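For reference, the structure discussed in these notes is given below.
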């Protein structure tokens with residue numbers, strides 16, 4: 001009897017081993033789709049790791065056993081599920097980086113596998129902007145908007161003001177006002193894009209961009225104003241003329257996930273802004289970062305995503321930086 005039990009146990013072990021070997025080879029593509037969530041607060045910079053259990057590998061080519069082992073021992077990868085779907089972990093850094101190869105990434109919206117799919121949704125949001133009707137108007141060249149309107153700052157009572165224009169919108173207003181003072185005609189989109197469904201933020205803001213372009217055919221530059229999350233050990237504050245202000249990061253979307261033919265033009269434009277910004281105000285720049293996502297930047301070769309400060313900064317510090325950004329942009333645009 002004991003011999004039979006040992007024999008049965010051996011058979012079960014061999015079957016289990018065979019299933020694992022077949023699973024490694026096929027990438028476990030027969031398993032059902034299961035999503036167990038993502039760790040993020042509001043946009044790409046809030047997500048350090050995306051954890052998903054896809055039904056299929058991102059790469060349809062089966063992995064060899066040696067390739068799987070290589071991934072398992074590499075510090076750049078993590079087991080994201082019991083089915084051994086492996087995804088890269090990319091950590092944040094505050095050092096300025098202008099490399100075109102995008103080797104150093106700040107993953108996100110995040111990581112944003114969902115966010116990037118969402119971006120392609122064509123649902124038309126409820127538009128409460130004052131400047132998005134059907135009649136074309138000539139003139140302004142800069143459009144400022146907020147994909148995540150609710151984001152706010154340390155002294156505003158909450159990190160996010162759900163359903164309202166939060167601190168980032170006040171920074172956007174300051175940027176518009178400061179640009180206007182330099183003689184650059186600017187329009188500000190007041191539409192709330194991240195409510196009631198935050199997951200449709202980018203789809204909604206893309207619709208707003210289309211409407212703004214229709215009303216203002218002269219528009220050339222689109223600036224999406226965000227606020228970063230605070231990371232331990234990463235300062236988002238610097239001093240200018242003895243006064244505290246918020247550091248700034250420029251984010252450039254690439255074509256890694258979705259078609260984005262002009263992303264290198266966006267990169268060059270953001271690099272020129274970042275370089276001059278740091279020259280004018282040493283210490284203000286956290287970096288120019290290339291991301292896997294697209295963030296609606298395929299809409300124009302001059303789309304900018306600004307992360308102005310973090311949850312560690314006050315609104316006053318962020319608005320002070322908006323004035324510096326405006327002065328720098330005016331030098332480039334004139």
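The values are calculated or read from the model by the stated rules, or taken from the named source; none is laboratory data. These numbers come from a predicted model, not from an experiment. Don't worry about glycine lacking a Cβ; one is built from the backbone with ideal geometry, like all the others, and counts go over all protein chains shown.
Miscellaneous remarks
- When residue 222 is tested against (1) modelled with pLDDT under 95; (2) under 21 Å from residue 332 (Cα atoms), just one condition goes unmet, and that condition is (1).
- Between 252, 225, 288, the distinction of being touching a helix residue (DSSP H, G or I) at 6+ places or on another chain (Cβ under 6 Å), closer than 21 Å to residue 155 by Cβ and touching a residue at least 24 places away in the same chain (Cβ under 8 Å) belongs to 225 only.
- Residue list for segment 181-216, filter: out of contact with any strand residue (DSSP E or B) (no Cβ under 9 Å at 6 or more places or on another chain) and over 23 Å from residue 293 (Cα atoms): 181, 182, 183, 214
- Only one entry in 309, 293 is modelled with pLDDT under 95, outside any helix (DSSP H, G or I) and buried (at least 23 other Cβ atoms within 10 Å of the Cβ), namely 293.
- Candidate set from segment 249-286 (those that are closer than 23 Å to residue 312 by Cβ and under 14 Å from the mean Cα position of the chain (by Cα)); member that is surrounded by the fewest Cβ atoms within 10 Å (Cβ to Cβ): 250
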